[in-house]
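Remarks on the structure that follows.
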Ligand SMILES: [Zn+2]
Ligand SMILES: [Zn+2]
């Protein structure tokens, strides 16, 4: 497709993106509560920050797979983020026999998944869930010992978990 004056907008607050692999204009598809950009040619999908959760639930959320247990190497990558045009990074996510190399943007927080990769990510999230649950329980226990803490404050627990899974 070659732009021009009569370009139709699917969604007013979401510009139409180009597939970073084959430059095909992507379609916007509604999945769960997210509007994903999906390439009809290669089947890849772009998730804006927060959209993995919105589309597929907690097991697809980076909090489940972007962890030390699934910690793969991050390396520089060749394509530009379809959203903000910044250079993306490739990250290995693996756990047991599942492994996948995803592309993510450190600038806008977007994630690019090739066809089939979301299934692998969710399989990994499923397996990591018990580890995360155990850590959350342990963190709450530790916080309990510390005395009067408001558990309604999710940010506090997240920060506390950060102490357990320090990386970098
Ligand atoms: Zn494509
Ligand atoms: Zn970006």
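The values are calculated or read from the model by the stated rules, or taken from the named source; none is laboratory data. In this text the structure is predicted, and so the values were computed from the model without any measurement. A quick note on method: Cβ atoms are made from the backbone with ideal geometry, for glycine too, and the neighbour counts reach across all protein chains shown.
Just a yes or no: is a residue in region 131-149 closer than 21 Å to residue 57 by Cα and at pLDDT below 80?
The answer is no, given that none of the residues of region 131-149 is closer than 21 Å to residue 57 by Cα and at pLDDT below 80.
Return the residues of region 32-65 that are assigned to a loop (DSSP other than H, G, I, E, B) and either touching a helix residue (DSSP H, G or I) at 6+ places or on another chain (Cβ under 8 Å) or surrounded by fewer than 18 Cβ atoms within 10 Å (Cβ to Cβ) (or both); say none if nothing qualifies.
Answer for region 32-65, where residues must be assigned to a loop (DSSP other than H, G, I, E, B) and either touching a helix residue (DSSP H, G or I) at 6+ places or on another chain (Cβ under 8 Å) or surrounded by fewer than 18 Cβ atoms within 10 Å (Cβ to Cβ) (or both): 32, 33, 40, 41, 42, 43, 49, 50, 57, 61.
Residue 3: at pLDDT below 90, at positive phi and assigned to a loop (DSSP other than H, G, I, E, B), yes or no?
yes
Within region 76-93, take every residue that is away from ligand 1 (no atom under 16 Å from the Cβ) and part of a strand (DSSP E or B) and give me the one that is surrounded by the fewest Cβ atoms within 10 Å (Cβ to Cβ).
76
When you scan region 94-114, do you find a residue that is away from ligand 2 (no atom under 15 Å from the Cβ), at pLDDT 95 or above and outside any strand (DSSP E or B), even just one?
Yes, there is a match, as at least one residue in region 94-114 is away from ligand 2 (no atom under 15 Å from the Cβ), at pLDDT 95 or above and outside any strand (DSSP E or B).
Which condition breaks for residue 73 when tested against (1) surrounded by fewer than 14 Cβ atoms within 10 Å (Cβ to Cβ); (2) not in a strand (DSSP E or B)?
Residue 73 satisfies all of (1) surrounded by fewer than 14 Cβ atoms within 10 Å (Cβ to Cβ); (2) not in a strand (DSSP E or B) except (2).
Just one of 124, 102, 128 is surrounded by 15 or more Cβ atoms within 10 Å (Cβ to Cβ) and within 12 Å of the chain's Cα centre (by Cα); which is it?
Result of the check over 124, 102, 128: 102.
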